[in-house]
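For reference, the structure is listed below as structure tokens.
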Amino acid sequence: LQGEDNIEHLCLACTKLHQALDEGNMLGKRFKRRNSLLKTLYKLVDLDSDPLSLKLAKIILAMKVDGKNLLSVCKLAFKICRNEKNYFIVQNDTLLDYLLQVLWNEDLQTNNEALVYCMAAVKVMSEKEVLRYKMISIGAVEMFLELMKQINNIKEHDTYFSKMGHLLVQLAATLRILADCPLARRRLSPSAAVPELCVALEQRSSDKDLCMWIVRVLSKLSTYNDFCAALADCSRCYILFLALLNKYQKQQDLVIRIIFILGNLTAKNDQSREQFFKEKESVNTLTSLFQTYYELDLNALTWHHDRKEKKHLKYPSEAEDVLIKLIRVLANLSIHPRVGAALAAAHPVVGLLVTVLEYKSVDACEELVINAATTVNNLSYYQVENSAVQDKKLHIAEMLLKLLMSDNMDAVVEAVRVFGNLSQHHEIRDFIMQKKIYKFMIALLDSKNREVCFPACGVLLNLTVDENKRAFLMEEGGIGKLVDCLQDFGPADWQLSCLICKTLWNYSENTAGAASCFGADSSTLLTLLTALLDEEVELECSLDRDIKDCQRVYWEREFKPVAEKLLDRIQSH
């Protein structure tokens, strides 16, 4: 107890000493007996009491020490901050201000090691909400960015270059914590922060730890539109990310974050899709990664299977997680017309996507399989010479059949969409008839869900192109279901209504009488078409003026001509 009392007295004495030195204008380097005072203070540090050391550290820092003294006091500050038990004393004190002053004022090159400990202490502090808000409010975020800029200005041939790596690691780790905080992001200018992070990443690409931290910061920031746009404006970022993916191909934690960033960059930006695609070896790098992680995943499965450990496997596994995000990038790229057309002809890419559909079940790996199906769907849209999708279309159709039979509605819809594109080819239409897939498409019309009905109707429309396949619509009550669909969606969806009318038009071609052709549904269809062709038909789809205008144009140009022809045919019969 005597010891604790003693420490308390010493803490009080330190507070008074600090006050007296401040009032007497004796802080800094002006005090005559500065050296002997510092010796005494450092002796007290040896008592190894954190509350006392905190008081001592502040006086020592206020004395503007340098060299070894600065290094030892920064180590002391880090030791105090690192200990969870000291959170309250640190939170209620002003140590943070002193440490930020050190970072701001001290020369980077002469005090590099001291600054590493100083930054490490600040990083630990930034993990605590109260201290984090305090540092943001006193301009620390802007200061960290300025610090990164200064470090980036030290060029590779400089003797201090490699020594700065440790400081940058601590700085990037602090920025990663701050990137989660909305207040900190508001103080971080995207157009200033993102280029500096990219410069640091490019200059120090051989420092794996540092790359990891910077990529973690960028991966977080890229989820916000303004930062993502700033990253897209850094024209060298694609070359940089590709170089890192090639260099650290087997570093899953780094690879997955870079792929995630590329997924965000290409999600909504057509220019980014094109820019990335144009970079040398971009598609080859993605294909090679795909191959690597696909093999890793297969090996892991075999290993667990041999050990009968299947039940302990988590989904997605690390390798599957990379594949999910990688396929997302391919799906995004394939939205761009030129890029999509080129990817549709890229046999290795399509081959790997088909392999995923072949070996993975939607029950075990839902996101992976659905992403692969979405990408195949995007690519199947392009009717290009030497298309790998067209080459493999029957094999793809076999894989899609598996998805259609699953209980997963998202997977079913994705499979139907691909069939919508592929059924433009007669071999696939024959396959659909032979495997009785058309029955499934007709059944889907009952779903009352536009996302399901639209692609299903697209497949049925393609089937009615072949005269010898039209009778199938009658046998499954298909006509009635199409008419029900037209009734359900009608003015709310002119695109779907147009598809239905085109299907019915093809179906009723070359038939003697519309009554025999449409059977009991003739009169309903007659009434329905008359109502939908009324000039005053209510556009239920949206209150939005632009959308309303757009729908009106679609009604005029697309729906009206085919619906009028169909109505005419029924009436004339």
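The values are calculated or read from the model by the stated rules, or taken from the named source; none is laboratory data. Worth saying up front: this structure is predicted, and the values here are computed from it rather than measured. Here the Cβ positions follow ideal geometry from the backbone for every residue, glycine too, while neighbour counts run over all protein chains shown. Note: areas computed on protein heavy atoms with side chains; ligands, DNA, RNA excluded. Shrake-Rupley method; radii C 1.70, N 1.55, O 1.52, S 1.80 Å.
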Point to revise | segment 388-398 - phi-based ³J(HN,Hα) in whole Hz, Karplus 6.51/-1.76/1.60, Gly and Pro as x | key: 5, 5, 5, 4, 9, 4, 6, 5, 4, 4, 4
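What is the percent carbon and sulfur in the accessible area of the chain, measuring with a 1.4 Å probe over the protein chains and ignoring ligands?
50
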Exercise for review: Would you calculate a helix-derived [θ] at 222 nm for the chain, using -39,500 (n - 2.57) for each DSSP H run of n ≥ 4 and dividing by the full residue count, to the nearest 500?
Suggested key: -22500 deg cm²/dmol
Review point. When the convex hull of the C-alpha atoms of segment 436-572 is computed, what volume per residue in Å³ does it have?
Key: 99
Study note, to complete from the structure: The value for segment 1-127 (convex hull of the alpha-carbon atoms, volume per residue, Å³) is 105
Review point. Over segment 226-308, how many percent of alpha carbon pairs lie in each 10 Å bin up to the one with the longest distance?
Key: 16, 45, 24, 10, 4
Review point. So what is the orientation-averaged projected area of segment 281-432, using the convex hull of its C-alpha atoms, in nm²?
Key: 8.9
**Study point:** Residues whose placed amide H lies under 5 Å from that of N269, excluding near-sequence neighbours
**Key:** none
Revision key, fill the gap. Residue-ordered couplings for segment 119-132, obtained by feeding phi - 60° into the Karplus form 6.51 cos²θ - 1.76 cosθ + 1.60 and rounding to whole Hz (Gly and Pro as x), are 5, 4, 5, 5, 4, 4, 5, 5, 6, 9, 3, 4, 5, 4
Review point. In a solvent-free Debye calculation with one equal scatterer on each Cα, what is log10 I(q)/I(0) for the chain at q = 0.08, 0.09 Å⁻¹, listed in the order of the q values?
Key: -0.73, -0.83
Practice item. Determine the per residue accessible area of segment 73-145 with all protein chains present and a 1.4 angstrom probe, expressed in square angstrom. Key: 43
Check your understanding: Which value, in Å², gives the accessible area per residue of segment 385-499 when a 1.4 Å probe is used on the protein heavy atoms?
Key -> 39
Exercise for review: Would you please classify the overall shape of segment 447-486 from the alpha carbon gyration tensor, given that a ≥ b ≥ c denote the square roots of the eigenvalues, rounded means a/c under 1.5, and beyond that prolate means a/b larger than b/c while oblate covers the rest?
Suggested key: oblate
Exercise for review: With a probe of 1.4 Å, find how much accessible area segment 152-256 has per residue, and write the answer as a whole number in Å².
Suggested key: 43
Practice item. Obtain the nm distance between the two label points defined at R236 and E556 by a simple spin-label model: each point lies 7 Å from its Cα along the Cα-to-C-beta direction. Key: 5.2
Exercise for review: Rounded to whole Hz and in sequence order, give me ³J(HN,Hα) for segment 223-228 from the Karplus expression 6.51 cos²θ - 1.76 cosθ + 1.60, θ = phi - 60°, writing x for Gly and Pro.
Suggested key: 7, 10, 3, 5, 6, 5
